[in-house]
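Novice: Structure incoming, see below.
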Amino acid sequence: MSQKILIVGAGFAGVWGALGAARVLDRAGVTAGDVDITLISPKPELQIRPRMYESEPHLMVAPLLPLLDAVGVNYVEGSVDEIAVRDKTVRVTSASGETRSLGYDRLLLTSGSKLSRPPIPGIDEYAFSVDCMEDASALEEHLKELAKLPDSSARNTIAVVGCGFTGIEIATELPKRMRALFGPNSAIKVVVVGSQADIGPDLGPNPRPFVAEAFKSLGIEAVLGSGVVSVDAGGVRTASGAHIEAHTVVWAGGMRASTLAAQVSSRLDPLGRVEVAPDLRVEEAPGVFVAGDVARVRSDDEGHDALMSCQHAMVMGKFGGHNVAADLIGASVLAYSQPFYATCLDLGEWGAVYSEGWDRQIKLTRAEGKTRKQMINSGNRSRRIIARCRCPRLTQSRRHPVPDGKTPNNHFSTRRYHVGPISDSRSSTPERMER
Ligand SMILES: Cc1cc2nc3c(=O)[nH]c(=O)nc-3n(C[C@H](O)[C@H](O)[C@H](O)COP(=O)(O)OP(=O)(O)OC[C@H]3O[C@@H](n4cnc5c(N)ncnc54)[C@H](O)[C@@H]3O)c2cc1C
């Protein structure tokens, strides 16, 4: 009977994990009959979460089945709601409510994160978000509906709650999107509301003047130092008692790790991430590794922890995939390491600010920064992402044959898949320049 590797989640970490595991097995000449790799997620698609603040979010998804098929990875559609680490099984529930149990020899948990919504009155009923394709599409539909209403101050105002990376990116993108929908001369207004005294509290001092300049040039107002205490159909109320009239509220208040984290470990950080060993293993759950937004681990020798970011999720996924497969077949596992760190913050029509290092040394701003951001996102980010996944000699033993006439009909041409050596993570190619 074949041994089983299960990967839970098809985000950046899960997809790279699947490719990384397939690569190890392929290189070791292990056939699909000896070791099965199965990826489980609610939908067979990779959502490009970092681009959900843009218009047309429904286009920011990439189908996964052709890719998985080409590298010999099985796919199960459904949500994992229980991980029994003692029995080494997971329970998967399909969209129609059917459940099944799947056993594993090694598990890579990459179930990611979700926008954190604190228990504030009205938040679930009235606040939109750009956390995933479904949420971002709901916001877009709402804005299209608003465009049909008569011009009014509340219709033309959007309150963005949260002044971290996501809050800044959606706020600076909105003026362009609103003008496109409401008309070029409409008196649009975007107000960013934050409980802290500074915009971008985690950004550090270097990028902040550029964010302030972008806000000024785009006419974005910042209401800082007073958090939101309630959301209603007409806007938000802040702790200081002010009511900001807005027909649209976008919540961008930070992310929290998937609740599956708590099922594999009792050692969670304040964001709900599993504290993992350097090889991404969960010491108290034999055979379980964790990568991406759901893992907390050191990324370098200077004491920096990986952030909840694609930048870290992709590389961690590669290490996680390598390690689950290597551990299973008795090959060497690797300690995760990702010393290079960069940030590219989109600032709408003003441009973007690109920095390198944990102290965010500014390298590019305005139009030059934007060119870098567009290069990172590159029209179809998924295409670039997949293009970097090299499975160089994927042998027929691991690859499912593609039946005649079933050539993958999209940008996931099998010839372009390459996972690349893990040491790639240390080079400084623009593709990794993310927050
Ligand atoms: C608007 C926005 C902008 C961003 N901008 C940037 C940026 O510029 N740069 C950057 O580096 N990062 C950015 N991020 C953060 C980045 O998107 C995340 O850090 C990254 O997606 C994490 O990847 P992941 O694979 O760990 O998790 P996710 O992308 O969250 O993927 C998790 C996967 O697990 C699946 N899953 C969840 N629960 C279950 C379950 N119970 N069973 C089975 N499957 C499950 C999900 O469906 C999904 O497929 C941004 C995020 C947002 C929302």
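Novice: For the stretch 26-76, which residues satisfy the criterion of being away from the ligand (no atom under 14 Å from the Cβ), free of Cβ contacts under 8 Å to residues at least 60 places away in the same chain and closer than 30 Å to Ala171 by Cα?
Specialist: Leu59
Novice: Here's another thing I want to ask about it. Contact list please: Cβ distance under 6 Å, first residue in the stretch 131-146 and at pLDDT 95 or above, second residue assigned to a helix (DSSP H, G or I), pairs at least six apart or on different chains.
Specialist: Short answer, once both residue conditions are applied: Met133/Pro57; Ala136/Pro57; Ser137/Pro57; Ser137/His58; Leu143/Leu181.
Novice: Out of the residues in the stretch 239-254 that are buried (at least 20 other Cβ atoms within 10 Å of the Cβ) and part of a strand (DSSP E or B), which is farthest from the chain's Cα centre (by Cα)?
Specialist: Once the filter is applied, the top-ranked residue is Ile244.
Novice: Scan the stretch 255-274 residue by residue and report those that are in a strand (DSSP E or B) and more than 16 Å from the ligand (Cβ to nearest atom).
Specialist: None; the set is empty.
Novice: Looking only at the stretch 184-197, decide whether some residue is surrounded by fewer than 23 Cβ atoms within 10 Å (Cβ to Cβ), touching a strand residue (DSSP E or B) at 6+ places or on another chain (Cβ under 8 Å) and more than 26 Å from Glu125 (Cβ to Cβ).
Specialist: The answer is yes, given that some residue of the stretch 184-197 is surrounded by fewer than 23 Cβ atoms within 10 Å (Cβ to Cβ), touching a strand residue (DSSP E or B) at 6+ places or on another chain (Cβ under 8 Å) and more than 26 Å from Glu125 (Cβ to Cβ).
Novice: Next question, about the same structure. Only one of these is closer than 30 Å to Arg27 by Cα, aliphatic (A, V, I, L, M) and in contact with a Phe, Trp or Tyr (Cβ under 9 Å, 6 or more places away or on another chain): Ala331, Ala306. Name it.
Specialist: Within the list Ala331, Ala306, the selection yields Ala306.
Novice: Would you pick out the residues in the stretch 198-217 that are buried (at least 19 other Cβ atoms within 10 Å of the Cβ) and modelled with pLDDT of 95 or more?
Specialist: Once the filter is applied, which keeps residues that are buried (at least 19 other Cβ atoms within 10 Å of the Cβ) and modelled with pLDDT of 95 or more, the stretch 198-217 yields Pro207, Phe210, Val211, Ala214, Phe215.
Novice: I've got another one for you. Out of Ala32, Ala21, Ala62, report the one residue that is surrounded by 16 or more Cβ atoms within 10 Å (Cβ to Cβ), out of contact with any Phe, Trp or Tyr (no Cβ under 6 Å at 6 or more places or on another chain), more than 23 Å from Gly253 (Cα to Cα) and modelled with pLDDT under 95.
Specialist: Ala32
Novice: Same structure, new question: Could you say which residue among Tyr341, Tyr336 is within 23 Å of the chain's Cα centre (by Cα), more than 13 Å from the ligand (Cβ to nearest atom) and aromatic (Phe, Trp, Tyr)?
Specialist: Tyr336
Novice: Is it the case, given these coordinates, that Ser153 is in contact (Cβ under 8 Å) with a residue 12 or more places away in the chain, farther than 27 Å from Leu46 by Cβ, surrounded by fewer than 18 Cβ atoms within 10 Å (Cβ to Cβ) and of a type in the set (Gly, Ala, Ser)?
Specialist: Considered against the rule, which asks whether it is in contact (Cβ under 8 Å) with a residue 12 or more places away in the chain, farther than 27 Å from Leu46 by Cβ, surrounded by fewer than 18 Cβ atoms within 10 Å (Cβ to Cβ) and of a type in the set (Gly, Ala, Ser), Ser153 comes out as yes.
Novice: Which ranges mark the strands (runs of 3 or more DSSP E) fully within the stretch 284-388 that have 1 or more residues being hydrophobic (A, V, I, L, M, F, W, C) and free of Cβ contacts under 8 Å to residues at least 24 places away in the same chain?
Specialist: 352-356, 361-364
Novice: Would you please list the contacts, defined by Cβ atoms under 6 Å and residues six or more apart or on different chains, that run from a residue in the stretch 5-16 that is over 17 Å from Leu65 (Cβ atoms) to a residue that is within 6 Å of the ligand (Cβ to nearest atom) and in a loop (DSSP other than H, G, I, E, B)?
Specialist: The qualifying pairs are Val8/Ser111; Ala13/Thr110.
Novice: Are any of the residues in the stretch 219-238 within 16 Å of the ligand (Cβ to nearest atom) and outside any loop (DSSP other than H, G, I, E, B)?
Specialist: Looking for residues that are within 16 Å of the ligand (Cβ to nearest atom) and outside any loop (DSSP other than H, G, I, E, B), one finds none in the stretch 219-238, hence no.
Novice: Suppose the filter is within 16 Å of the ligand (Cβ to nearest atom), in the same structural domain as Tyr53 (by TED's automatic domain parsing) and under 23 Å from the mean Cα position of the chain (by Cα); does Leu109 pass it?
Specialist: Yes.
Novice: Shifting gears a bit: Could you say which residue among Met60, Met1, Met52 is out of contact with any helix residue (DSSP H, G or I) (no Cβ under 6 Å at 6 or more places or on another chain) and not hydroxyl-bearing (Ser, Thr, Tyr)?
Specialist: Met1
Novice: Scan the stretch 148-167 and tell me whether some residue there is within 12 Å of the ligand (Cβ to nearest atom) and over 16 Å from the mean Cα position of the chain (by Cα).
Specialist: Yes.
Novice: For the structure I just gave you, tell me whether Gly97 is under 30 Å from Glu141 (Cα atoms) and touching a strand residue (DSSP E or B) at 6+ places or on another chain (Cβ under 9 Å).
Specialist: no
Novice: Checking the structure you have, find out if any residue of the stretch 31-44 is over 18 Å from Gly103 (Cα atoms) and within 12 Å of the chain's Cα centre (by Cα).
Specialist: no
Novice: Any idea which of (1) buried (at least 23 other Cβ atoms within 10 Å of the Cβ); (2) closer than 29 Å to Met52 by Cα is the one Asn323 doesn't satisfy?
Specialist: Result: Asn323 fails condition (2) only.
The values are calculated or read from the model by the stated rules, or taken from the named source; none is laboratory data. As the structure is a prediction and not an experimental result, all values here were calculated from the model. Virtual Cβ from ideal backbone geometry, glycine too; neighbours counted across all protein chains shown.
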